[in-house]
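Trainee: Could you have a look at this structure, given as structure tokens, before my questions?
Values quoted throughout were computed directly from the atomic coordinates according to the rules given, and no laboratory measurement underlies them. Fair warning: this is a prediction, and the values are worked out from it, not measured in the lab. Every residue, glycine as well, gets a Cβ built from its backbone with ideal geometry; the counts of neighbours run over all protein chains shown.
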């Protein structure tokens, strides 16, 4: 038996109220008293009082303040192991002949704009058809993986993360390329070389606000391109390019959905970047988190060709675009 398991057994033997343990479990999953209170149907004061009572019974702190909310202490992590056993036992007491669905509760994740819209959203929607008690919060953000992820179950980031006290694995790849609208090309000509691109404005991320080094490709590949429209949101990149603001460096799986966009120089400019998933070490013990992780992996695998820019008949060729959400 591991030291952690032994410590959990000691906690189980203490005079800790099971209801207080379940409150701690809810707080550990959201990192916030207010969110845990909503999930449990309590008020903030009651949650605070239950945590205080649990700490008195266990003889130590179970939570510590962190930048994103509350974080488990070592004692708190041991108590959560016991709380999960209590939760499992309570669920087993469901209506006779009806096994309770373990895939319930709130799962919070962050991901980039495009991944959230075209991979995460349809994957979660499909999962919820079978598990209506599941709620998934998707926060869109393009940044490096966090070193502290209190209250966050899943992160999907671009590029291999450098993280501690977390599990990370490669989810898949996607390709980016240069695109322009047909109307823009008619008015400004078709760039036939990388050098010719320097005469056109770039539609891309705000350079000074870009947090992900792997996304610096256009400024590395065509450093002389001048800035056109810049935004922190990739959907703005797509729509600005469609509106003729310049040449956009866009994810192919987003740009290829639009017949009015033409890929430029696909043989010369094709940047492939990896999606990585980052999880708290304890997250996968929750069936709901494990189910969302599996759904995201399956959706990414199912749409591999689209992600790699092969979704409408090959690089740079216009063809009928099928919805990305089709399985």
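Trainee: If I stretch the segment between residue 188 and residue 259 completely, what's the gain in nm (0.36 nm per residue apart, minus their alpha carbon distance), one decimal?
Mentor: The span from residue 188 to residue 259 would gain 23.7 nm if fully extended.
Trainee: A further question on this structure: Subtract the Cα-Cα distance of residue 86 and residue 57 from 0.36 nm times their separation in residues, and report this length gain in nm to one decimal.
Mentor: 8.8 nm
Trainee: Spin-label point model (7 Å from Cα, Cβ direction): what's the residue 213 to residue 43 distance in nm?
Mentor: Going from the residue 213 label point to the residue 43 one covers 5.1 nm.
Trainee: Arrange the peptides 247-255, 32-40 so that the one whose residues have, on average, the most other Cβ atoms within 10 Å appears first.
Mentor: The packing order, highest mean first, is 247-255, 32-40.
Trainee: Given R₀ = 22 Å, FRET efficiency for residue 196-residue 273 by Cβ-Cβ distance, to 0.05?
Mentor: 0.35
Trainee: Using 7 Å Cα-to-Cβ label points, what is the residue 220/residue 235 separation (nm, one decimal)?
Mentor: 2.9
Trainee: Still on this structure, please answer the following. Suppose each label sits 7 Å from its Cα in the direction of the beta carbon; what would the residue 125-residue 305 distance come out to in nanometres?
Mentor: Each label point lies 7 Å from its Cα, and together they span 2.2 nm.
Trainee: How tilted is helix 121-130 with respect to the longest principal axis of the chain? Cα atoms for both, answer in degrees (0 to 90, nearest 10).
Mentor: 40
Trainee: When you have a sec, figure out the Kirkwood radius of the chain from all distinct Cα pair distances and drop it here in Å to one decimal?
Mentor: Taking every pair of different Cα atoms in the chain, averaging 1/r and inverting gives 22.1 Å.
Trainee: Could you compute the FRET efficiency for residue 64 and residue 227, with r as their C-beta to C-beta distance and R0 at 56 Å, rounded to 0.05?
Mentor: Rounded to the nearest 0.05, the efficiency is 0.80.
Trainee: Continuing with the same structure: Given the Cα-Cα distance of residue 140 and residue 17 and 0.36 nm per residue of separation, how much length would full extension add, in nm?
Mentor: 40.5 nm
Trainee: Helix 74-91 versus the longest principal axis of the chain: what is the Cα-based angle in degrees, 0 to 90, to the nearest 10?
Mentor: The two axes meet at around 80 degrees.
Trainee: Using a ≥ b ≥ c from the Cα gyration tensor of segment 181-246 (square roots of the eigenvalues), is it rounded, prolate or oblate, where a/c under 1.5 gives rounded and otherwise the larger of a/b and b/c decides, a/b for prolate?
Mentor: Oblate is the answer for segment 181-246, as a/c is 1.5 or above yet b/c matches or exceeds a/b.
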